[in-house]
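Take a look at the structure set out below.
The values are calculated or read from the model by the stated rules, or taken from the named source; none is laboratory data. As the structure is a computational prediction, the values presented were derived from the model and not from experiment. Cβ atoms come from the backbone with ideal geometry, glycine included; neighbour counts cover every protein chain shown.
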Amino acid sequence: MIRPRRAFTLVEALVVMSIIGLLLALLLPALSRGRQASMRAVCAARMRQVGVGWMVYATDNRGVIVPGQPGRYADEAKNVYWVGNGHQYRPRWYVQMGASAGFYAFTEPSPDPSNEHTMTVTNEVFLCPQVQTWTNTRNYAYGYNYQFLGNSRFKGDDESRGSINHPVQMSRIAFAQTVMAADSLGTAAGKPEAMRTDNRPDGSRDPEGRARGGHGYALDPPRLTSTSDFADTRLSSPEHRSGPDERHLGQANVSFCDGHVDAMSAAEMGYLKNGDGSIAFNGEGATNRLFSGTARNDDPPIVN
């Protein structure tokens, strides 16, 4: 005897679909969070490698720490540097260390001034997996504590007056208590979160400094003064300050000079955050203790 096969009723099918939908709604955030945690771990591992390169550079240069970017000389020949696998025009901090560390930011460096802001970082060690398109040499994902560790821009843009804060010796730095680099928002950090725009991987400058990662290679410390430098020298006013990017589950990966990496909020790093999400220029609660190199709340070096 053949028994008729029982089929799902419409109500039963809808119940099953509802249960599946509910399970997906519960699981997807957990899966997304797990994926973001994985990317945070990869980012931290890469930052540790960059930290090793930073130390090797200083050791190879008689204890002098790599500067954020060389000052611009009138004699263009002085603006070209050997970076290990070729010559580069005014290489930024992570590019300069290649000459000593042996791993290179660019597959093919360029001594051509016209390529200064259009180069693409090709070595994944120098890239954050959370923002995979932030590969431009200027609008970059990791910001350097350049004001305290090595600001080789010239005072008043006059090379005869020397650098703002370079050379800086390793022996002056409290390693475990000093930020070397961190996930960076660039000049967008000083803007309300709702005003920020997309990263510009072509290397162009947002005239209003709102693009995420704009001049991100340079990380301004938490507390600035009227006499301190700015990440983008053409946008030197409080709202154009750079700052960290809490891109990893509400935290930024922060690399310290002794090589360890911590996940920290902007507030934990010493920054003062406004209600609209912007990073304040200064104010009560903002402290440079983790940036100064002395473990004190020092003012940034004077720019002029």
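Restricting attention to the range 193-204, the residues being outside any loop (DSSP other than H, G, I, E, B) and touching a residue at least 40 places away in the same chain (Cβ under 8 Å) number 2.
Residue by residue through the range 45-67, note down the ones that are in contact with a His (Cβ under 9 Å, 6 or more places away or on another chain) and crowded, with 19+ Cβ neighbours inside 10 Å. Give the steps one after another, and end with the answer.
In the first step, residues of the range 45-67 are kept if they are in contact with a His (Cβ under 9 Å, 6 or more places away or on another chain); the result is 48, 51, 64-65, 67.
G51, I65, P67 - these are the residues of the range 45-67 that are in contact with a His (Cβ under 9 Å, 6 or more places away or on another chain) and crowded, with 19+ Cβ neighbours inside 10 Å.
Only one entry in V42, V16, V11 is modelled with pLDDT of 95 or more and in a helix (DSSP H, G or I), namely V42.
When residues of the range 118-153 are filtered for being of a type in the set (S, T, Y) and over 15 Å from the mean Cα position of the chain (by Cα), how many remain?
Residues of the range 118-153 of a type in the set (S, T, Y): 118, 120, 122, 133, 135, 137, 140, 142, 144, 146, 152.
Narrowing further to those that are over 15 Å from the mean Cα position of the chain (by Cα): 118, 120, 122, 152.
Residues that pass the stated criteria total 4.
Taken over the range 220-250, the criterion of being over 11 Å from F281 (Cα atoms), in a loop (DSSP other than H, G, I, E, B) and not polar (S, T, N, Q) is satisfied by D229, A231, D232, R234, L235, D245, E246, R247, L249, G250. Here the range 58-70 is the region considered, the condition is being assigned to a loop (DSSP other than H, G, I, E, B) and of a type outside the set (G, A, S), and the residue that is farthest from the chain's Cα centre (by Cα) is R62. Does Y73 satisfy the criteria of being over 19 Å from V168 (Cα atoms), among the aromatic types (F, W, Y), free of Cβ contacts under 8 Å to residues at least 40 places away in the same chain and not in a helix (DSSP H, G or I)? It is false that Y73 is over 19 Å from V168 (Cα atoms), among the aromatic types (F, W, Y), free of Cβ contacts under 8 Å to residues at least 40 places away in the same chain and not in a helix (DSSP H, G or I).
Does N253 fit the bill of being in contact with a Cys (Cβ under 8 Å, 6 or more places away or on another chain) and either closer than 23 Å to Q49 by Cβ or assigned to a loop (DSSP other than H, G, I, E, B) (or both)? Answer is yes for this residue.
Just need a number here: residues in the range 73-102 that are of a type outside the set (G, A, S) and modelled with pLDDT under 95. Walk me through it before giving the result.
Let us first name the residues in the range 73-102 that are of a type outside the set (G, A, S), namely 73, 75-76, 78-83, 85, 87-97.
Next cut, modelled with pLDDT under 95 only: 97.
So the count comes out to 1.
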